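Colleague: Below: one structure in structure tokens.
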């Protein structure tokens, strides 16, 4: 009997890079940015198609305060897909989330159960390419490796982490050792990575056996694993850990806690038309545009305007004339006008609003809450 494959969706994030459409209590995975389905729904459906897993075996890790949105959105695509939601009492980064999910998978499905870990807020246009890479990864995971997927880079992107490709793994087609994980680089360094051909974008997607990743936690980050298990044991149920115990867990990314330290990490280069949709600029890049290179949605009229992102979610007509490369977002309660390519200015604006206690950073108008 083959080992079961358990899709694990990590649905966290603070939801401010696509403000004002995304908010702290309603981050981008809950938004329908690419069509009729939200990014979370896309991820769940893609996981089922890629793995052939049963819908009831999907596990979603999310903040407790967001679990209602997760449940409603998953039920909308498959009632059984919302049966296993793990509720984090507080955000403790991805190492805690993966340890939480792996402990749950281990208890329910055993040490050899395989986990496909996916962020909830990414978009993939070429699922056939993902399926090809996944099949290779599944074989590597069965052979005791921690597998990650590296995206072939198309530009010197400073907003992504990178993976340096190492030597080929003997007797395993398409599998390379992960020689190094690199944080988001400066532009000139990112350019050198592209020119070298040795680096891939870090996708944040993984495949491994539950028992194997727990062994690596015991070896490299034992405090995180011990505190996750303590919080689970003290909670009312394992899926709802004790808030006080969970809040004491060190906040560390999974890459730093495990992937950078383990000697059994491999990477599969692939090019599935992947995007983490980390800005209005990146949404503009991947969405279909009109003849003037504008991305428009809702009640919008443009004249002599090019390269713009204009999204109207409210009842108002939004109009632009004689402008280029701007973002205009109307969410009903907020209007943003910004330079399309200047994500740093938007980040500063949101930080200032948060510091002032402005509720528009946290709360989202009902018009955007897709069920």
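Colleague: Give me the residue from the stretch 133-154 that is in a helix (DSSP H, G or I) and in contact (Cβ under 8 Å) with a residue 60 or more places away in the chain and, out of that set, surrounded by the most Cβ atoms within 10 Å (Cβ to Cβ).
Modeller: 137
Colleague: Same structure, new question: State all residues of the stretch 13-50 that are buried (at least 21 other Cβ atoms within 10 Å of the Cβ) and either free of Cβ contacts under 8 Å to residues at least 12 places away in the same chain or in a loop (DSSP other than H, G, I, E, B) (or both); if no residue qualifies, say none.
Modeller: 15, 16, 17, 18, 19, 20, 21, 22, 27, 31, 33, 38
Colleague: Still on this model: Return the total of residues in the stretch 318-349 being more than 18 Å from residue 17 (Cα to Cα) and in a loop (DSSP other than H, G, I, E, B).
Modeller: The total comes to 3.
Colleague: Would you point out the residue of the stretch 167-185, among those that are outside any strand (DSSP E or B), within 27 Å of the chain's Cα centre (by Cα) and touching a residue at least 60 places away in the same chain (Cβ under 8 Å), that is surrounded by the most Cβ atoms within 10 Å (Cβ to Cβ)?
Modeller: By that ranking, first place goes to 175.
Colleague: Starting from residues that are assigned to a loop (DSSP other than H, G, I, E, B) and within 16 Å of residue 335 (Cα to Cα), keep the ones in the stretch 350-370 and report whichever is modelled with the lowest pLDDT.
Modeller: Result: 365.
Colleague: Now for a separate question. Among (1) closer than 30 Å to residue 131 by Cα; (2) in contact with a strand residue (DSSP E or B) (Cβ under 9 Å, 6 or more places away or on another chain); (3) without any contact (Cβ under 8 Å) to a residue 60 or more places away in the chain, there is one condition residue 210 misses while meeting the rest; what is its number?
Modeller: All conditions are met except number (3).
Colleague: Go through the stretch 261-317 and tell me which strands (runs of 3 or more DSSP E), entirely inside it, have 2 or more residues that are surrounded by 21 or more Cβ atoms within 10 Å (Cβ to Cβ) and in the same structural domain as residue 134 (by TED's automatic domain parsing).
Modeller: 265-270
Colleague: Inspect all residues belonging to the stretch 321-330 and state whether any of them is in contact with a helix residue (DSSP H, G or I) (Cβ under 8 Å, 6 or more places away or on another chain) and surrounded by fewer than 19 Cβ atoms within 10 Å (Cβ to Cβ).
Modeller: No; the residues of the stretch 321-330 include none that is in contact with a helix residue (DSSP H, G or I) (Cβ under 8 Å, 6 or more places away or on another chain) and surrounded by fewer than 19 Cβ atoms within 10 Å (Cβ to Cβ).
The values are calculated or read from the model by the stated rules, or taken from the named source; none is laboratory data. Keep in mind that what you see is a predicted model, and the values were worked out from it rather than measured. Using ideal geometry, Cβ is built from the backbone for each residue, glycine included, and neighbour counts are taken over all protein chains shown.
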